[in-house]
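Worksheet: the structure to be examined is printed underneath.
The values are calculated or read from the model by the stated rules, or taken from the named source; none is laboratory data. Only a predicted model underlies this, so the values are computations on that prediction, with no experimental measurement involved. Cβ sites come from the backbone with ideal geometry, for glycine too, and all protein chains shown count toward neighbours. Remember, those area values only see protein heavy atoms, side chains included, never the ligands or the DNA or RNA. Shrake-Rupley method; radii C 1.70, N 1.55, O 1.52, S 1.80 Å.
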Amino acid sequence: QEAWQEIPHVTQYDFGDITELDKTRKKLKKEGEKKEIKVTFLPFLMKAVVVVLKEMPRFNSSLDHNGENLVIKNYYHIGVAVDTPSGLVVPVIKDVDKKSIFKLSAELMDISGRARDRKLLPNELQGGTFTISSLGGIGGAHFSPIVTPPEVAILGVSKSDWKQVYDKKGKSFNARYILPFSLSYDHRVIDGASGASFTTRLSQVLKKESFFED
Ligand code: CAO
């Protein structure tokens, strides 16, 4: 409620072509099964977001109490919204830039399981620098998430779907796996042009095959 009342929100909506990413995820998912690690899209999205946060550090910052000073963080602690029987919680995965897809997947399994069992420690819910809220496992296309203070931006991820996309060069329609996503941000810190630049860049990163390699 505080976030909704005090932060002037703007949401930028966009799409990412994750056809190649999906192929890689399926490969890693098979490998993960041997280690009992479930590999979903979320760790890839976390990695892609960090690539963009490094290029656009204003999105990885917080406003101080007076709203006068902007504190830019040089670490990447990503909050992940988890739906539990007792409501929404947002545990934080630390140092995402330093972790592999398997490590992030294992941490996600652990932290979301313990969130559902109400076994998270208070310090696991603090210190985030940016949040991702994924409804991709459920459905819907595009929603407007609310920024988690003191952070200044949040990514909302929806369910990807196959679409016919026109290839101008090849003059043909091709089936592509398209991810809808939204970025809500604090308009005191980020202007509309930067918001659109962030989502445009995120789309480019998601399309690139090797952005998540360690
Ligand atoms: N498009 C298509 N499929 C997707 C997808 C997407 N964007 N995101 C996930 N999926 C798929 C997964 O790959 C998985 O399929 P497979 O079993 O074939 O691999 C399936 O959906 C289920 O995924 P999941 O939900 O278990 O896993 P996740 O890592 O995507 O998400 C978690 C984990 C904890 C974030 C999620 O379970 C959850 O709680 N989401 C709700 C968050 C929420 O409530 N947000 C709203 C907050 S209000 O702002």
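Counting only residues that are of a type in the set (Gly, Ala, Ser), away from the ligand (no atom under 12 Å from the Cβ) and in a helix (DSSP H, G or I), how many does the stretch 21-61 have?
Residues flagged as of a type in the set (Gly, Ala, Ser), away from the ligand (no atom under 12 Å from the Cβ) and in a helix (DSSP H, G or I) within the stretch 21-61 amount to 1.
Suppose we filter LYS99, LYS171, LYS103, LYS119 for residues that are among the charged types (D, E, K, R) and either open to solvent by less than 40 Å² (accessible area, probe 1.4 Å) or within 13 Å of the ligand (Cβ to nearest atom) (or both); which single one remains?
The match here is LYS99.
Restricted to the stretch 131-161, and to residues that are polar (S, T, N, Q) and either at pLDDT below 95 or more than 7 Å from the ligand (Cβ to nearest atom) (or both), which residue is surrounded by the most Cβ atoms within 10 Å (Cβ to Cβ)? Even if it seems obvious, please write down each step before you answer.
Kept after step one, since they are polar (S, T, N, Q), are these residues of the stretch 131-161: 131, 133-134, 144, 148, 158, 160.
Among the residues that remain, those that are also either at pLDDT below 95 or more than 7 Å from the ligand (Cβ to nearest atom) (or both) are: 131, 144, 148.
Numbers: THR131: 23, SER144: 14, THR148: 20.
By that ranking, first place goes to THR131.
Can you tell me which residue is surrounded by the most Cβ atoms within 10 Å (Cβ to Cβ) among those in the stretch 22-44 that are closer than 18 Å to TRP162 by Cα and under 15 Å from the mean Cα position of the chain (by Cα)?
That would be PHE41.
Determine the pairs where a residue that is open to solvent by less than 70 Å² (accessible area, probe 1.4 Å), located within the stretch 55-75, has a partner that is assigned to a loop (DSSP other than H, G, I, E, B) and among the hydrophobic types (A, V, I, L, M, F, W, C) with Cβ atoms under 6 Å apart, the partner being 6 or more residues away or on another chain.
Between residues of the stretch 55-75 that are open to solvent by less than 70 Å² (accessible area, probe 1.4 Å) and residues that are assigned to a loop (DSSP other than H, G, I, E, B) and among the hydrophobic types (A, V, I, L, M, F, W, C), the close pairs are SER61/VAL152.
For residues in the stretch 76-96 being out of contact with any strand residue (DSSP E or B) (no Cβ under 8 Å at 6 or more places or on another chain), within 13 Å of the ligand (Cβ to nearest atom) and open to solvent by 20 Å² or more (accessible area, probe 1.4 Å), which is farthest from ILE138 (Cα to Cα)?
Going through the stretch 76-96, the residues out of contact with any strand residue (DSSP E or B) (no Cβ under 8 Å at 6 or more places or on another chain) turn out to be 83-87, 94-95.
With within 13 Å of the ligand (Cβ to nearest atom) added as a condition, the list becomes 83-87.
Next cut, open to solvent by 20 Å² or more (accessible area, probe 1.4 Å) only: 83, 85-87.
Values: ASP83: 11, PRO85: 15, SER86: 18, GLY87: 16 Å.
This residue is SER86.
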